[in-house]
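Derivation of every value follows stated rules applied to the coordinates shown; laboratory data play no part. As the structure is a computational prediction, the values presented were derived from the model and not from experiment. FYI the Cβ positions are ideal-geometry reconstructions off the backbone, even for glycines, and counts take in every protein chain you see.
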Amino acid sequence: MNKLLSPDKSTVLFLGNEAIARGALEAGLAVATGYPGTPSSEVIESLAGVAARRNLYVEWSVNEKVALEVAAAASFSGLRAMAVMKQNGVNVASDFLLHLIASGTRGGLVLVSCEDPGALSSVNEGESRYFARMLEMPLLEPADFQEAKDLTKWAFELSEEIRNVVMLRSVTRMSHASGNVVCAKLPTKSRRAKFEYDGPVMDSQTGPMISTPVVAKHRLHQEKLKTVEALFEKSPFNRYSGPAKPKLLVVTSSVCFLYVREALSMLGLERDVGILKLATTWPLPPRLLERNLQRAEKILVVEEVLPFLEENVKVLASAMAGRIGVKTFFGKYDGTLPAAGELNPDIVARAIGGIMKVKPKTPPASYLAEVKKAAALIPAREQTFCAGCPHRASFWNIRRAIALDGREGFVCGDIGCYSMAALSPATGYNTMPTLHSMGSGTGLAGGFAKLSAFGLDKPVMAVCGDSTFYHAVIPALINAQHNRADITFIVLDNAGTAMTGFQPHPGLPVSALKETVPAVDIACVCRGIGAKVAVADPFDIDGTSKILTDYLAEKGSVKVLILRQACALSPEKKGKKTFNVRVNEELCLGDACGCNRLCTRVFRCPALTWDSARKKAVVDEVICAGCGVCVSICPQNAIVKAQGNM
Amino acid sequence: MKKRKPAKTLNLILTGVGGQGNVMASRVLAGMLVDAGYVVTIGETFGMSQRGGSVMSHLRVSPDEVKSPQIPAWGADVIVALEPLEALRVLGVYGNPDVCVLSNTRPVYPIGVITGELGYPSREIIMEKFSLLAASAWMIDATDAGVRLGNPVLSNIVMIGALAETGLLPFNRGMFAKEIKKTLPPDKLSLNMKAFDEGRAMIRQESVALKNL
Ligand code: SF4
Ligand code: SF4
């Protein structure tokens, strides 16, 4: 049995994301959409796995804005729907979101944002909580796995109560952590879709779904927020625990609640410090805050990343200062806690310990001295492309073409596994100096290419992954072509969204529900806008570098090279080797070879290692994926391949 | 050998290098313990951190309460390492004089070591550091056992078998068999049981752990 469908009252170990998915099922979800992005992807993935049995429509949308639009259509038709994305996905969806909130919704509509404080798997630690305030949207933040499920379910009810979108925010340490969850009943009835639109314009339930008349609808929405506030006042998800009159009151939400509880037990301060755990973080319920802020003179706000909660609490506290007195606040503004990076129990314990003048316990000094000695022996472990990764080969080709061309060409980067080429110079061979948001590499490249009149005369390249292409690259590519920007645009097509776990995208003939669907061909799209297109296999080093070198020399506008080779971890490749590769020790000259150890110092596949005793390269057969690329880079032909098991 | 039945929270860290089957191992352990009535919290990161980098799962086994998915510094009770260097790395942040370590012997060399910029400590040095930084430590050739059984990734199951034999965590062979039945296809079961038993046997052979206080 799929554990997402576990029976009523059973206790199951769920990922935070699975708990969110289960909560949505318990609420009677009909439509779920999303764009893959760590740490959010498992919500949609797990729902896709039960779609047939629960009669759901689940889709991986082309990007987050479209995901929200598809979900909204379901809501307009009276169904319960959810759109799921990572933090910066909310930025992409935000333009529609602004107008959606203005028009209102019908069936419960929940926007799930899974955020990544500390950027564990992101190139930003953006905050979407500010959208809640800026766009006036109720915000819920679960503090444990049970709550992740229960709050999600409640979010749908709340959304229907106020007929508008509700945002649920999780973070990596919740979405990708797991814990016990007690399940409740799954509904047996499902709703029928019905879309009405001939009622009065101000009636969001029967009238047209539009944001005008703007000011009148805006006012109406603000009135509804008063209902939200009233419901939040009574919400059982907001809880105080601790002594009636604590020496310090900690106000917190999300997984930070678990850090605070841990910190108090580390410091032995459970009887001195109280915790106000809030699950409804925008709009804050003022009376609940008033009752609790009264408890203590000193207040610490613990949250990730920016001081969103702290600001909102302070605004309320200043308005009620006449009744509750003037408080001393600790948090991000006074530097008690850092306003960048994620938190953990140790950081929180130091913050609380600093205020309460208690030090967390550490092992004896002699132990710490030994730890220090051992630490000096531990080499860093850099992230890198997997053994057999097509991206390593692609960047090797790019590096070669740039060197042959001789004009210091460079690559504008984009979002995916290949982002690593920018994060570590050794991985991208120093070719990729820019990295921003989805699709931005191509936009930037188009801009750089227009600067030759100002003296910037270098060949400009952009890379993007297959999934990224559809998500946000197409407008930038059209822009470059139309404005005659001379760029070499390289699609690193590894047949899936590798970084987040092989979700399908519009380029593949299969959907999230494993149905056969039309594949949108990247080459055709590029040809359609008038660009020159070639397709190659990055593992064919000679063929690929030749095309690239020619492209760099050629004047024109957009030249497209699609490099096609499946990800080394893709289900069809995993565990299989195209070639059995080994080093012929007689031919390997080791340090004596004039190549400066091209194989192990420069190419850097984790499976191609160096035997420092014998001074020869050696292939680690456990790690080697058998791609055979290293065979073509060794100038001595010392690396040899035989047919493998594929 | 200590038998631990957690009356208080037991903190286990499973560590290794991306791609070694860390996540799967932590799920299997947690699944058994949830069925045994414990409140388990697993904290892990996956995504980019998997690409050849160090990976860690924090497993917290409590009689009654959800825990922070991140174990506090110096707070590990047990460290299980699919790669020996990673055991050392984890000891440097979460170690304490009472911690127990179970480690695979097979190194996965960081890129910096392959290029010759960094050094990798010898097996002897790693063992010496374990004996200085842990109350007990076991080192077994789990990857070799996996390779012998036909797939190096089975090393994670070998390690789980070994962990069962150390008695550091409240689970046994029967619970393991029941757990893997939930997720693995039937034709994979006997191979995984073999890997599990291999791990147990390795701990029995290593009759005296490096340092067993
Ligand atoms: S997951 Fe695939 S695309 Fe990503 S680094 Fe590994 S081989 Fe390359
Ligand atoms: S064949 Fe060479 S490049 Fe490919 S994975 Fe093996 S060692 Fe690495």
Query raised in the report: How many angstrom separate the Cα center of segment A:524-542 from the Cα center of segment A:145-213?
Result: 43
Query raised in the report: Considering the dipole of segment A:502-641 built from charges on the beta carbon (Lys and Arg +1, Asp and Glu -1) around the Cα centre, which of A:628, A:558, A:638 is farthest to its positive end?
Result: A:558
Report task. Measure nothing but the geometry: give the 0 to 90° angle between the long axis through the Cα atoms of A:64-76 and the longest principal axis through the Cα atoms of chain A, rounded to 10°. Result -> 40
Query raised in the report: Once a ≥ b ≥ c are taken as the square roots of the eigenvalues of the Cα gyration tensor of segment B:138-183, is the result rounded (a/c under 1.5), prolate (a/b larger than b/c) or oblate (a/b not larger than b/c)?
Result: oblate
Query raised in the report: Long-range amide H contacts for residue A:507: which residues qualify at under 5 Å (H placed 1.01 Å from N, peptide plane, sequence gap of 5 or more or a different chain)?
Result: A:520
**Report entry** Residue order, fewest to most surrounding Cβ atoms within 10 angstrom, among B:200, A:173
**Finding:** B:200, A:173
Report task. Could you list which residues have their amide H under 5 Å from that of residue A:580, counting only those 5 or more apart in sequence or on another chain, with H placed in the peptide plane? Result -> A:642, A:643, A:644
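Taking neighbour Cβ counts within 10 Å as the exposure measure, how do B:140, B:180, A:529 sort from fewest upward?
By the 10 Å Cβ count, ascending: A:529, B:180, B:140.
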**Report entry** Within chain A, helix-based [θ] at 222 nm, where runs of 4 or more DSSP H residues each add -39,500 (n - 2.57), nearest 500
**Finding:** -10500 deg cm²/dmol
**Report entry** Relative contact order computed over segment B:10-210 (Cα-Cα under 8 Å; 6+ residues apart), in percent
**Finding:** 20
Report summary line: Sequence order, segment B:141-155: Karplus ³J(HN,Hα) from phi using 6.51 cos²θ - 1.76 cosθ + 1.60, θ = phi - 60°, Hz rounded, Gly and Pro as x, gives 8, 5, 5, 4, 4, x, 4, 4, 7, x, 7, x, 5, 5, 3
Query raised in the report: Could you give the nm distance between label points at residue A:270 and residue B:148, where each point is 7 Å from its Cα heading toward the beta carbon?
Result: 4.7
Query raised in the report: For segment A:254-263, in order, what is each residue's ³J(HN,Hα) by Karplus, 6.51 cos²θ - 1.76 cosθ + 1.60 with θ = phi - 60°, in whole Hz (x at glycine and Pro)?
Result: 6, 5, 4, 4, 5, 5, 5, 4, 4, 4
Query - 222 nm mean residue ellipticity, helices alone, for chain B (DSSP H n ≥ 4; -39,500 (n - 2.57); rounded to 500) - result: -13000 deg cm²/dmol
Query raised in the report: So how much slack lies between residue A:542 and residue A:206, counting 0.36 nm per residue of separation and subtracting their Cα-Cα distance, in nm?
Result: 114.6 nm
Report summary line: Dipole check, segment A:239-356, charges on Cβ (K,R +1; D,E -1), about Cα centroid: among A:252, A:326, A:263 the Cα furthest to the positive pole belongs to A:326
Query raised in the report: Once you charge only the Cβ atoms, +1 for Lys and Arg and -1 for Asp and Glu, what is the size of the charge dipole of segment B:112-208 about its Cα centre, to the nearest 20 debye?
Result: 480
Report summary line: Set A:9/A:226; A:577/B:178; A:65/A:194; A:3/B:194; A:65/A:332; A:185/A:514, cut-off 29 Å on Cα-Cα distance; pairs above it are A:9/A:226; A:577/B:178; A:65/A:332
Report task. Give the relative contact order (percent, whole number) for chain A; include only Cα pairs under 8 Å separated by 6+ residues. Result -> 10
Report summary line: Classified through the alpha carbon gyration tensor (a ≥ b ≥ c as square roots of its eigenvalues; rounded if a/c is under 1.5, else prolate when a/b is larger than b/c, else oblate), the protein assembly as shown comes out oblate
Report summary line: Note on segment A:244-348: alpha-carbon gyration tensor, axes a ≥ b ≥ c; rule is a/c under 1.5 for rounded, else prolate if a/b larger than b/c, else oblate; result oblate
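Quick one: order A:437, B:54 by neighbouring beta-carbon count within 10 Å, fewest to most.
Lowest count first: A:437, B:54.
With only Lys, Arg, Asp and Glu charged, each at its Cβ (+1 for the first two, -1 for the last two), find how big the charge dipole of segment B:10-210 is about the Cα centre; round to the nearest 20 debye.
440
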Report summary line: With the 8 Å Cα cutoff and a minimum separation of six or more residues, segment B:35-150 has a relative contact order in percent of 21
Query raised in the report: So what J values fall out for segment B:184-196 if you push phi through Karplus, 6.51 cos²θ - 1.76 cosθ + 1.60 with θ = phi - 60°, rounded to Hz, Gly and Pro as x?
Result: 8, x, x, 6, 8, 5, 5, 4, 5, 5, 4, 4, 4
Query raised in the report: What FRET efficiency comes out for the pair residue B:204/residue A:55, r = Cβ-Cβ distance, R0 = 51 Å, nearest 0.05?
Result: 0.45
Query raised in the report: Taking H as built 1.01 Å from N, whose amide H comes closer than 5 Å to the amide H of residue A:560, not counting residues under 5 places away?
Result: A:489, A:532, A:533, A:534
**Report entry** Check: the protein assembly as shown dipole with +1 on Lys, Arg Cβ and -1 on Asp, Glu Cβ, in debye
**Finding:** 1340
Query raised in the report: Which of the lysines could be linked to residue A:555 by a straight reach, that is with a Cα gap under 28 Å, when you skip same-chain ones fewer than 8 residues away?
Result: A:450, A:458, A:532, A:546
Report summary line: To the nearest 0.05, the calculated FRET efficiency linking residue A:230 and residue A:2 through their beta-carbon distance, R0 being 51 Å, is 0.85
Report summary line: Taking alpha-carbon centroids only, segment A:448-517 lies from segment A:364-413 a number of Å equal to 25
Query raised in the report: In straight Cα distance, which aspartates and glutamates are under 18 Å from residue A:217, not counting same-chain residues fewer than 8 positions off?
Result: A:95, A:136, A:160, A:161, A:198, A:203
Query raised in the report: Between residue A:134 and residue A:339, what is the spin-label point distance in nm, taking each point 7 Å from the Cα along the Cα→C-beta axis?
Result: 1.6
**Report entry** Between segment B:87-122 and segment A:1-68, the alpha-carbon center distance in angstrom
**Finding:** 38
Report summary line: Here FRET efficiency (C-beta to C-beta, residue A:197 to residue B:182, R₀ 45 Å, nearest 0.05) is 0.40
